[in-house]
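The block underneath contains the structure these notes are about, expressed in structure tokens.
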Amino acid sequence: MRRLPDNRASIDTLQKIQLGDTAQWIRIRGQNVANPVLLLIPQGPGFPLIQEADDFQRSTHLEDNFTIVYWDPRGCGLSTRGLQTHRPITLHHMVDDVVELVTALCARFDTPSIFIGGFSLGGTIAAMAADLIPTLVTALVVVGMDVQFDETERVAYEYVLSEAARRHHRRAARQLRSIGMPPHLTGKTFGTRVRWLANFGGVMRNSTYGALVGTLLRQLLRSGAYSWADLVRTIRAMSRVQTALLPEMAGLDLVTMLPRLDVPIYLLHGSHDFASPIRTAQSYFDHLVAPRGKEWVPFEDSAHMPQYEESDRFARTLLRIASHHHSQRANA
């Protein structure tokens, strides 16, 4: 589907919205407000998304064909302003926030349903929310979705240990042995595992933890949405959100929690993903009951972030999905 941009109908707005008991922030951008609405839910725990808008558009150009809603969830990014850091943060709260946000976006854009895209834990939260409001979801696109957190931890830890041994990286091996086998349910132990996972290419194949952190800081500084105080709160909030969510995530198992989903679902997954093991995600896909359709889309040259590692193919995939559902609606 290709819609020519109409500059008179373009949108770029940063706004606060009340979701549950917290004020949260979204940024809405697009070349034509008549285009389908796509809500994006960030990876986590603890990551914002509004700061990625420029890089995401530069990589994918999807704002030419969608009205994209970038969201900083409760306790993250701009949504740490005011007294928001004192509000509770659970997966249940975040799912309810998505339900409210989708409902509000449908009303604002006068549309019966919207697309939802979720990355990593954001994909999990998106699926759990879509299960509650299937009629409001045109289609669900999840990227590197977390399925079974205990299995995710085990695979990730075994990978970094084996890579440390293969590379003869004594410091990595020492730090990984010091945190022990998972579960890693504190910000410190979780962060240690994630740092070496990133350094060993399990998050982005050709990047490191330092490079990923540098990208985040650059995005925050250059986005124009965050003040210096926002930046400091955003960084501090990451460990706070991890501390709040990791114990609950330990029991996450979509195989038993969400065996059926009554929305069209597309699972996009990097073949080199060790942050969310591909075998677990594919097994979930194979057993998922999805009466309205499901599709498995592997990205052979990506790890956990195909939206940046194979951005052209990622964008083409979303445009194909949008075109398919536009045709379905036109023929209904």
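The values are calculated or read from the model by the stated rules, or taken from the named source; none is laboratory data. Here the structure is a predicted model, which means the values were calculated and not measured. Heads up, the Cβs are rebuilt from the backbone with ideal geometry, glycines too, and the neighbour counts pull from every protein chain shown.
Side notes on the structure shown:
- Single residue of the range 45-74 satisfying the filter (in a loop (DSSP other than H, G, I, E, B) and among the aromatic types (Phe, Trp, Tyr)) that is surrounded by the fewest Cβ atoms within 10 Å (Cβ to Cβ): PHE47
- Here the condition is being modelled with pLDDT of 95 or more, of a type in the set (A, V, I, L, M), touching a Leu at 6+ places or on another chain (Cβ under 9 Å) and more than 20 Å from PRO112 (Cα to Cα); of ILE50, ILE68, ILE28, ILE89, it holds for ILE50 alone.
- Exactly one residue among THR138, THR103 is over 16 Å from the mean Cα position of the chain (by Cα) and part of a strand (DSSP E or B), and that residue is THR138.
- Contact map, the range 20-39: first residue in a strand (DSSP E or B), second residue among the acidic types (Asp, Glu), Cβ cut-off under 7 Å, separation 6 or more or different chains; pairs are GLN24/ASP72; GLN24/ASP97; TRP25/ASP72; ARG29/ASP12; ARG29/GLU63; GLY30/GLU63.
Residue-wise test of (1) at pLDDT below 95; (2) touching a strand residue (DSSP E or B) at 6+ places or on another chain (Cβ under 6 Å); (3) over 18 Å from GLN307 (Cβ atoms); (4) not assigned by TED's automatic domain parsing to the domain that holds PRO298.
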| position | (1), (2), (3), (4) |
| --- | --- |
| PHE109 | no, yes, yes, no |
| THR124 | no, no, no, no |
| ALA129 | no, no, yes, no |
| LEU136 | no, no, yes, no |
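- Residue count for the range 248-267, restricted to those that are modelled with pLDDT of 95 or more and crowded, with 19+ Cβ neighbours inside 10 Å: 7
Yes or no, residue by residue, for (1) in a loop (DSSP other than H, G, I, E, B); (2) modelled with pLDDT of 95 or more; (3) within 30 Å of ALA198 (Cα to Cα):
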position: HIS269; (1), (2), (3): no, yes, yes
position: ASP273; (1), (2), (3): yes, yes, yes
position: TYR284; (1), (2), (3): no, yes, yes
position: GLU295; (1), (2), (3): no, yes, yes
position: PRO298; (1), (2), (3): no, yes, yes
position: SER302; (1), (2), (3): yes, yes, yes
position: ASP312; (1), (2), (3): no, yes, yes
position: THR317; (1), (2), (3): no, yes, yes
position: HIS326; (1), (2), (3): no, no, no
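- Of the residues LEU220, LEU245, the single one that is modelled with pLDDT under 95 and either surrounded by fewer than 21 Cβ atoms within 10 Å (Cβ to Cβ) or assigned by TED's automatic domain parsing to the domain that holds HIS92 (or both) is LEU245.
- Counted residues, the range 172-193 - those being in contact (Cβ under 8 Å) with a residue 24 or more places away in the chain and of a type in the set (A, V, I, L, M): 3
- Checked against the criteria, TYR266 does not count as in contact (Cβ under 8 Å) with a residue 24 or more places away in the chain, closer than 30 Å to SER79 by Cβ and out of contact with any strand residue (DSSP E or B) (no Cβ under 6 Å at 6 or more places or on another chain).
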